[in-house]
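Visitor: Structure in C-alpha coordinates, see below.
The values are calculated or read from the model by the stated rules, or taken from the named source; none is laboratory data. All values derive from a computational prediction rather than experimental measurement. Glycine also receives a Cβ, built like all others from the backbone with ideal geometry; neighbour counts cover every protein chain displayed. Side chains are part of the model used for accessible areas, which takes the heavy atoms of the whole protein and leaves out ligands, DNA and RNA. Shrake-Rupley method; radii C 1.70, N 1.55, O 1.52, S 1.80 Å.
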Amino acid sequence: MKVIGILFSVLLVLFLDPTESVLAHNDVDEATEAANLASQWSLWMAVALVVVLVAYVYQFKAEEDFFKKFAFFFSALVVLYVTLGSPLHVLGDHYLFSAHMLEQSLIYTLLPPLLLLGLPKRFVAPIVRLGIRTKILSFLKRPLIPLLMFNVLFSFYHIPLVFNVVVDNNVLHNLMHFVLTLTAFFMWIPLIPMVKELDTLSEIHKIGYIFAAGMLLTPACALIIFADQSFYTVYSDAPQLFASLPPLEDQRTGGIVMKVVQEIVYSTVIGYIFFTWARKERLSKVDPVPTNSFIEEVNQ
(Lines give C-alpha, C1' and ligand atoms only; values in the text may rest on other atoms or scores of the structure.)
Protein backbone atom coordinates (compact mmCIF):
# COMPACT_ATOMS: atom_id res chain seq x y z
CA MET A 1 0.00 0.00 0.00
CA LYS A 2 2.84 2.38 0.82
CA VAL A 3 4.35 1.74 -2.60
CA ILE A 4 1.08 2.64 -4.33
CA GLY A 5 0.75 5.76 -2.17
CA ILE A 6 4.24 6.94 -3.10
CA LEU A 7 3.62 6.33 -6.79
CA PHE A 8 0.37 8.26 -6.73
CA SER A 9 2.23 11.11 -5.02
CA VAL A 10 4.65 11.09 -7.96
CA LEU A 11 1.70 11.33 -10.34
CA LEU A 12 0.32 14.24 -8.32
CA VAL A 13 3.59 16.12 -8.73
CA LEU A 14 3.52 15.45 -12.47
CA PHE A 15 -0.09 16.59 -12.56
CA LEU A 16 0.57 19.91 -10.82
CA ASP A 17 3.86 20.36 -12.71
CA PRO A 18 5.38 22.97 -10.37
CA THR A 19 8.56 23.26 -12.44
CA GLU A 20 6.84 25.26 -15.17
CA SER A 21 7.09 29.04 -15.25
CA VAL A 22 4.23 31.03 -13.76
CA LEU A 23 4.25 33.46 -16.65
CA ALA A 24 1.67 33.57 -19.41
CA HIS A 25 1.66 30.45 -21.55
CA ASN A 26 4.42 29.08 -19.29
CA ASP A 27 6.83 31.58 -20.82
CA VAL A 28 7.61 29.41 -23.84
CA ASP A 29 8.39 30.40 -27.41
CA GLU A 30 5.11 29.32 -28.94
CA ALA A 31 6.33 29.65 -32.52
CA THR A 32 9.12 27.18 -31.77
CA GLU A 33 6.77 24.92 -29.81
CA ALA A 34 4.36 24.83 -32.75
CA ALA A 35 7.10 23.71 -35.11
CA ASN A 36 8.04 20.89 -32.72
CA LEU A 37 4.51 19.96 -31.75
CA ALA A 38 4.70 16.36 -32.95
CA SER A 39 7.63 15.69 -30.62
CA GLN A 40 5.87 16.94 -27.48
CA TRP A 41 5.49 13.58 -25.76
CA SER A 42 6.41 13.33 -22.07
CA LEU A 43 8.93 10.52 -21.58
CA TRP A 44 9.07 11.06 -17.82
CA MET A 45 5.33 10.74 -17.44
CA ALA A 46 5.31 7.60 -19.59
CA VAL A 47 7.97 6.04 -17.34
CA ALA A 48 6.07 7.06 -14.20
CA LEU A 49 2.83 5.54 -15.50
CA VAL A 50 4.55 2.30 -16.47
CA VAL A 51 6.01 2.05 -12.96
CA VAL A 52 2.56 2.68 -11.48
CA LEU A 53 1.07 -0.02 -13.72
CA VAL A 54 3.74 -2.56 -12.70
CA ALA A 55 3.18 -1.73 -9.02
CA TYR A 56 -0.58 -2.12 -9.52
CA VAL A 57 -0.15 -5.59 -11.00
CA TYR A 58 2.26 -6.61 -8.22
CA GLN A 59 -0.02 -5.29 -5.47
CA PHE A 60 -3.43 -6.41 -6.74
CA LYS A 61 -2.84 -9.44 -8.99
CA ALA A 62 -4.61 -11.71 -6.50
CA GLU A 63 -7.75 -9.54 -6.40
CA GLU A 64 -11.10 -10.93 -7.45
CA ASP A 65 -11.98 -9.81 -11.01
CA PHE A 66 -8.38 -8.64 -11.43
CA PHE A 67 -8.41 -8.64 -15.24
CA LYS A 68 -11.61 -6.59 -15.37
CA LYS A 69 -10.22 -4.06 -12.90
CA PHE A 70 -6.88 -4.03 -14.70
CA ALA A 71 -8.63 -3.15 -17.97
CA PHE A 72 -10.31 -0.15 -16.31
CA PHE A 73 -7.10 0.95 -14.57
CA PHE A 74 -5.01 0.61 -17.72
CA SER A 75 -7.61 2.62 -19.67
CA ALA A 76 -7.49 5.32 -16.98
CA LEU A 77 -3.70 5.59 -17.33
CA VAL A 78 -4.00 5.81 -21.11
CA VAL A 79 -6.51 8.66 -20.76
CA LEU A 80 -4.21 10.38 -18.26
CA TYR A 81 -1.22 10.13 -20.58
CA VAL A 82 -3.10 11.26 -23.69
CA THR A 83 -4.40 14.34 -21.88
CA LEU A 84 -1.29 15.34 -19.92
CA GLY A 85 1.65 13.65 -21.64
CA SER A 86 0.92 13.99 -25.35
CA PRO A 87 0.94 16.90 -27.85
CA LEU A 88 -2.76 17.37 -27.00
CA HIS A 89 -1.65 18.90 -23.69
CA VAL A 90 0.60 21.41 -25.48
CA LEU A 91 -2.15 22.27 -27.94
CA GLY A 92 -4.65 22.75 -25.14
CA ASP A 93 -2.31 24.84 -23.01
CA HIS A 94 -1.05 27.21 -25.70
CA TYR A 95 -2.96 27.20 -28.96
CA LEU A 96 -6.47 25.72 -29.23
CA PHE A 97 -9.41 26.13 -26.91
CA SER A 98 -10.98 23.07 -28.55
CA ALA A 99 -7.96 20.96 -27.53
CA HIS A 100 -8.23 22.40 -24.02
CA MET A 101 -11.88 21.36 -23.83
CA LEU A 102 -11.08 17.88 -25.14
CA GLU A 103 -8.49 17.56 -22.37
CA GLN A 104 -11.04 18.63 -19.79
CA SER A 105 -13.77 16.35 -21.08
CA LEU A 106 -11.45 13.35 -20.87
CA ILE A 107 -10.06 14.21 -17.43
CA TYR A 108 -13.32 15.28 -15.77
CA THR A 109 -15.78 12.96 -17.50
CA LEU A 110 -13.95 9.78 -18.53
CA LEU A 111 -11.01 9.40 -16.13
CA PRO A 112 -12.94 9.33 -12.80
CA PRO A 113 -15.24 6.35 -13.57
CA LEU A 114 -12.40 4.39 -15.17
CA LEU A 115 -10.12 4.90 -12.17
CA LEU A 116 -12.83 4.25 -9.59
CA LEU A 117 -13.78 1.01 -11.36
CA GLY A 118 -10.12 0.01 -11.67
CA LEU A 119 -9.05 0.50 -8.05
CA PRO A 120 -9.82 -2.40 -5.67
CA LYS A 121 -12.20 -1.48 -2.86
CA ARG A 122 -9.77 -2.65 -0.20
CA PHE A 123 -7.38 0.08 -1.37
CA VAL A 124 -9.91 2.92 -1.61
CA ALA A 125 -12.35 2.00 1.18
CA PRO A 126 -10.00 2.76 4.15
CA ILE A 127 -9.20 6.20 2.69
CA VAL A 128 -12.88 7.03 2.12
CA ARG A 129 -13.92 5.75 5.57
CA LEU A 130 -11.17 7.84 7.19
CA GLY A 131 -12.47 10.88 5.31
CA ILE A 132 -16.01 10.17 6.50
CA ARG A 133 -14.93 9.67 10.14
CA THR A 134 -12.99 12.93 10.13
CA LYS A 135 -15.95 14.71 8.48
CA ILE A 136 -13.77 15.73 5.50
CA LEU A 137 -15.76 13.55 3.09
CA SER A 138 -19.05 13.38 5.01
CA PHE A 139 -20.66 15.63 2.38
CA LEU A 140 -20.50 12.69 -0.04
CA LYS A 141 -23.43 11.16 1.85
CA ARG A 142 -25.55 13.88 0.25
CA PRO A 143 -25.12 13.31 -3.52
CA LEU A 144 -26.56 16.71 -4.42
CA ILE A 145 -23.51 18.44 -2.89
CA PRO A 146 -20.78 16.84 -5.08
CA LEU A 147 -23.11 17.10 -8.09
CA LEU A 148 -23.44 20.87 -7.67
CA MET A 149 -19.86 21.33 -6.49
CA PHE A 150 -18.27 20.19 -9.74
CA ASN A 151 -20.76 21.64 -12.20
CA VAL A 152 -20.98 25.08 -10.54
CA LEU A 153 -17.19 25.28 -10.27
CA PHE A 154 -16.81 24.22 -13.91
CA SER A 155 -19.23 26.92 -15.08
CA PHE A 156 -17.54 29.53 -12.86
CA TYR A 157 -14.14 28.61 -14.31
CA HIS A 158 -15.39 29.29 -17.85
CA ILE A 159 -16.59 32.81 -17.11
CA PRO A 160 -14.31 34.74 -19.53
CA LEU A 161 -12.84 37.08 -16.90
CA VAL A 162 -12.02 34.19 -14.55
CA PHE A 163 -10.76 31.91 -17.31
CA ASN A 164 -8.40 34.47 -18.84
CA VAL A 165 -6.83 35.27 -15.46
CA VAL A 166 -6.47 31.63 -14.40
CA VAL A 167 -5.15 30.18 -17.68
CA ASP A 168 -2.70 33.07 -18.05
CA ASN A 169 -0.93 31.94 -14.85
CA ASN A 170 0.52 28.45 -14.72
CA VAL A 171 0.21 28.03 -10.93
CA LEU A 172 -3.45 29.13 -10.88
CA HIS A 173 -4.15 27.05 -13.98
CA ASN A 174 -2.72 23.85 -12.52
CA LEU A 175 -4.38 24.48 -9.15
CA MET A 176 -7.78 25.00 -10.77
CA HIS A 177 -7.22 21.93 -12.94
CA PHE A 178 -6.47 19.86 -9.83
CA VAL A 179 -9.49 21.16 -7.91
CA LEU A 180 -11.82 20.49 -10.83
CA THR A 181 -10.42 16.98 -11.20
CA LEU A 182 -10.88 16.30 -7.49
CA THR A 183 -14.49 17.55 -7.52
CA ALA A 184 -15.14 15.50 -10.67
CA PHE A 185 -14.10 12.40 -8.72
CA PHE A 186 -16.38 13.45 -5.88
CA MET A 187 -19.25 13.76 -8.36
CA TRP A 188 -18.73 10.19 -9.58
CA ILE A 189 -18.46 8.56 -6.15
CA PRO A 190 -22.26 8.41 -5.53
CA LEU A 191 -22.51 6.45 -8.79
CA ILE A 192 -19.55 4.18 -8.00
CA PRO A 193 -19.53 4.07 -4.18
CA MET A 194 -16.51 2.34 -2.70
CA VAL A 195 -18.09 1.90 0.77
CA LYS A 196 -21.57 0.92 1.91
CA GLU A 197 -22.09 4.25 3.70
CA LEU A 198 -22.09 6.08 0.35
CA ASP A 199 -24.25 3.59 -1.53
CA THR A 200 -27.43 5.62 -1.08
CA LEU A 201 -28.77 5.91 -4.64
CA SER A 202 -31.08 3.40 -6.27
CA GLU A 203 -30.74 2.65 -9.98
CA ILE A 204 -33.49 5.10 -10.92
CA HIS A 205 -31.89 7.78 -8.74
CA LYS A 206 -28.51 7.16 -10.38
CA ILE A 207 -30.06 7.67 -13.81
CA GLY A 208 -31.65 10.91 -12.60
CA TYR A 209 -28.32 11.97 -11.08
CA ILE A 210 -26.49 11.55 -14.39
CA PHE A 211 -29.27 13.30 -16.28
CA ALA A 212 -29.04 16.23 -13.84
CA ALA A 213 -25.25 16.36 -14.29
CA GLY A 214 -25.72 16.68 -18.04
CA MET A 215 -28.31 19.42 -17.64
CA LEU A 216 -26.12 21.41 -15.24
CA LEU A 217 -23.23 21.39 -17.70
CA THR A 218 -25.37 22.46 -20.64
CA PRO A 219 -25.55 26.25 -19.94
CA ALA A 220 -21.75 26.67 -19.91
CA CYS A 221 -21.41 24.65 -23.13
CA ALA A 222 -24.28 26.54 -24.78
CA LEU A 223 -22.74 29.91 -23.90
CA ILE A 224 -19.50 28.84 -25.56
CA ILE A 225 -21.11 27.21 -28.61
CA PHE A 226 -23.53 30.01 -29.51
CA ALA A 227 -21.30 32.98 -28.69
CA ASP A 228 -20.85 35.58 -31.44
CA GLN A 229 -17.40 36.65 -30.22
CA SER A 230 -14.25 35.04 -28.93
CA PHE A 231 -14.16 35.23 -25.13
CA TYR A 232 -10.78 33.75 -24.29
CA THR A 233 -7.87 36.04 -25.12
CA VAL A 234 -5.31 33.43 -24.07
CA TYR A 235 -6.22 31.51 -27.23
CA SER A 236 -7.25 34.33 -29.55
CA ASP A 237 -3.86 36.02 -28.98
CA ALA A 238 -1.90 32.79 -29.47
CA PRO A 239 -0.33 31.78 -32.82
CA GLN A 240 -3.06 30.48 -35.12
CA LEU A 241 -2.02 27.00 -36.25
CA PHE A 242 -4.99 26.27 -38.50
CA ALA A 243 -6.45 28.79 -40.93
CA SER A 244 -9.70 26.81 -41.01
CA LEU A 245 -10.10 27.14 -37.24
CA PRO A 246 -10.02 30.86 -36.27
CA PRO A 247 -10.55 31.75 -32.58
CA LEU A 248 -14.35 32.00 -32.71
CA GLU A 249 -14.74 28.67 -34.54
CA ASP A 250 -12.18 27.12 -32.23
CA GLN A 251 -14.20 28.30 -29.24
CA ARG A 252 -17.45 26.93 -30.64
CA THR A 253 -15.77 23.63 -31.50
CA GLY A 254 -14.51 23.40 -27.92
CA GLY A 255 -18.02 23.71 -26.52
CA ILE A 256 -19.30 21.07 -28.94
CA VAL A 257 -16.44 18.69 -28.09
CA MET A 258 -17.12 18.99 -24.36
CA LYS A 259 -20.84 18.37 -24.76
CA VAL A 260 -20.43 15.45 -27.19
CA VAL A 261 -17.88 13.61 -25.04
CA GLN A 262 -20.00 14.19 -21.97
CA GLU A 263 -23.12 12.86 -23.71
CA ILE A 264 -21.30 9.75 -24.94
CA VAL A 265 -19.94 8.91 -21.48
CA TYR A 266 -23.15 9.72 -19.62
CA SER A 267 -25.32 7.84 -22.11
CA THR A 268 -23.07 4.79 -21.83
CA VAL A 269 -23.29 4.86 -18.04
CA ILE A 270 -27.08 5.35 -18.12
CA GLY A 271 -27.40 2.41 -20.53
CA TYR A 272 -25.25 0.20 -18.30
CA ILE A 273 -27.22 1.12 -15.17
CA PHE A 274 -30.56 0.57 -16.92
CA PHE A 275 -29.71 -2.85 -18.34
CA THR A 276 -28.13 -3.96 -15.05
CA TRP A 277 -31.27 -2.85 -13.25
CA ALA A 278 -33.49 -4.66 -15.77
CA ARG A 279 -31.42 -7.85 -15.39
CA LYS A 280 -31.73 -7.72 -11.59
CA GLU A 281 -35.48 -7.23 -11.86
CA ARG A 282 -35.79 -10.13 -14.28
CA LEU A 283 -33.74 -12.45 -12.09
CA SER A 284 -35.67 -11.48 -8.98
CA LYS A 285 -38.88 -12.73 -10.62
CA VAL A 286 -37.42 -16.18 -11.33
CA ASP A 287 -38.04 -18.80 -8.61
CA PRO A 288 -34.57 -20.23 -7.91
CA VAL A 289 -35.99 -23.35 -6.23
CA PRO A 290 -38.02 -25.73 -8.44
CA THR A 291 -41.46 -26.72 -7.18
CA ASN A 292 -42.10 -30.25 -5.99
CA SER A 293 -44.29 -31.04 -8.99
CA PHE A 294 -41.52 -29.97 -11.34
CA ILE A 295 -39.00 -32.14 -9.46
CA GLU A 296 -41.35 -35.11 -9.71
CA GLU A 297 -41.79 -34.60 -13.43
CA VAL A 298 -38.04 -34.47 -13.91
CA ASN A 299 -37.55 -37.66 -11.88
CA GLN A 300 -40.16 -39.46 -13.94
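Visitor: Please enumerate the residues belonging to region 218-227 that are open to solvent by 40 Å² or more (accessible area, probe 1.4 Å) and in contact (Cβ under 8 Å) with a residue 60 or more places away in the chain.
Guide: Pro219, Leu223
Visitor: Would you please list the contacts, defined by Cβ atoms under 8 Å and residues six or more apart or on different chains, that run from a residue in region 205-217 that is part of a helix (DSSP H, G or I) to a residue that is open to solvent by 30 Å² or more (accessible area, probe 1.4 Å) and of a type in the set (D, E, K, R)?
Guide: Gly214/Glu263; Leu217/Lys259
Visitor: Answer with yes or no whether Ala212 is touching a helix residue (DSSP H, G or I) at 6+ places or on another chain (Cβ under 7 Å) and either within 20 Å of Pro143 (Cα to Cα) or open to solvent by 30 Å² or more (accessible area, probe 1.4 Å) (or both).
Guide: On the way: touching a helix residue (DSSP H, G or I) at 6+ places or on another chain (Cβ under 7 Å): yes; either within 20 Å of Pro143 (Cα to Cα) or open to solvent by 30 Å² or more (accessible area, probe 1.4 Å) (or both): yes.
Taking the combined requirement at face value, the residue satisfies it.
Visitor: Name, by its number, the condition in (1) assigned to a loop (DSSP other than H, G, I, E, B); (2) open to solvent by less than 60 Å² (accessible area, probe 1.4 Å); (3) within 24 Å of Phe123 (Cα to Cα) that does not hold for Thr200.
Guide: (2) is the only condition that Thr200 fails.
Visitor: Of all residues in region 194-240, which are in contact with a Leu (Cβ under 9 Å, 6 or more places away or on another chain) and either of a type in the set (Gly, Ala, Ser) or within 14 Å of Phe154 (Cβ to Cβ) (or both)? Step through it out loud before you land on a result.
Guide: Taking region 194-240 and keeping what is in contact with a Leu (Cβ under 9 Å, 6 or more places away or on another chain), we get 194, 197-198, 201, 206, 208-210, 212-213, 216, 227-231, 235-236, 238.
Across region 194-240, the qualifying residues are Gly208, Ala212, Ala213, Leu216, Ala227, Ser230, Ser236, Ala238.
Visitor: Quickly run through region 258-298 and pick out the residues that are more than 18 Å from Phe211 (Cα to Cα) and either modelled with pLDDT of 80 or more or among the basic types (Lys, Arg) (or both).
Guide: Within region 258-298, the first condition is being more than 18 Å from Phe211 (Cα to Cα), and the residues that meet it are 278-298.
Selection gives Ala278, Arg279, Lys280, Arg282, Lys285.
Visitor: Among the residues of region 59-84 satisfying the criterion of being modelled with pLDDT of 90 or more and not hydrophobic (A, V, I, L, M, F, W, C), which is nearest to Arg122 (Cα to Cα)?
Guide: Lys69
Visitor: A follow-up question, please. I'd like the full set of residues that are among the β-branched types (Val, Ile, Thr) and either closer than 20 Å to Met187 by Cβ or open to solvent by 70 Å² or more (accessible area, probe 1.4 Å) (or both), limited to region 250-274.
Guide: Here is the first cut: in region 250-274, the residues among the β-branched types (Val, Ile, Thr) are 253, 256-257, 260-261, 264-265, 268-270, 273.
Answer for region 250-274, where residues must be among the β-branched types (Val, Ile, Thr) and either closer than 20 Å to Met187 by Cβ or open to solvent by 70 Å² or more (accessible area, probe 1.4 Å) (or both): Ile256, Val257, Val260, Val261, Ile264, Val265, Thr268, Val269, Ile270, Ile273.
Visitor: Residues that are within 28 Å of Pro246 (Cα to Cα) and of a type outside the set (Val, Ile, Thr): list the helices (runs of 4 or more DSSP H) wholly contained in region 90-193 that include at least 2 such residues. Write out each step before concluding.
Guide: On the way: elements: 97-105, 111-118, 121-133, 144-157, 160-167, 170-188.
The helices (runs of 4 or more DSSP H) meeting that bar are 97-105, 144-157, 160-167, 170-188.
Visitor: Name the residues in region 117-130 that are touching a helix residue (DSSP H, G or I) at 6+ places or on another chain (Cβ under 6 Å) and either open to solvent by less than 30 Å² (accessible area, probe 1.4 Å) or under 17 Å from Trp41 (Cα atoms) (or both), would you?
Guide: Those that are touching a helix residue (DSSP H, G or I) at 6+ places or on another chain (Cβ under 6 Å) and either open to solvent by less than 30 Å² (accessible area, probe 1.4 Å) or under 17 Å from Trp41 (Cα atoms) (or both): Gly118, Pro120.
Visitor: Does region 228-235 include one or more residues that are open to solvent by less than 60 Å² (accessible area, probe 1.4 Å) and out of contact with any Phe, Trp or Tyr (no Cβ under 9 Å at 6 or more places or on another chain)?
Guide: At the first step, the residues of region 228-235 found to be open to solvent by less than 60 Å² (accessible area, probe 1.4 Å) are 230-232, 234-235.
Filter again for out of contact with any Phe, Trp or Tyr (no Cβ under 9 Å at 6 or more places or on another chain), leaving none.
No, every residue in region 228-235 fails to be open to solvent by less than 60 Å² (accessible area, probe 1.4 Å) and out of contact with any Phe, Trp or Tyr (no Cβ under 9 Å at 6 or more places or on another chain).
Visitor: Do we have any residue at all in region 157-172 that's hydroxyl-bearing (Ser, Thr, Tyr) and open to solvent by 30 Å² or more (accessible area, probe 1.4 Å)? Let's see the steps before the verdict.
Guide: Restricting attention to region 157-172, the residues satisfying the condition of being hydroxyl-bearing (Ser, Thr, Tyr) are 157.
Next cut, open to solvent by 30 Å² or more (accessible area, probe 1.4 Å) only: none.
Taking every residue of region 157-172 in turn, none turns out to be hydroxyl-bearing (Ser, Thr, Tyr) and open to solvent by 30 Å² or more (accessible area, probe 1.4 Å).
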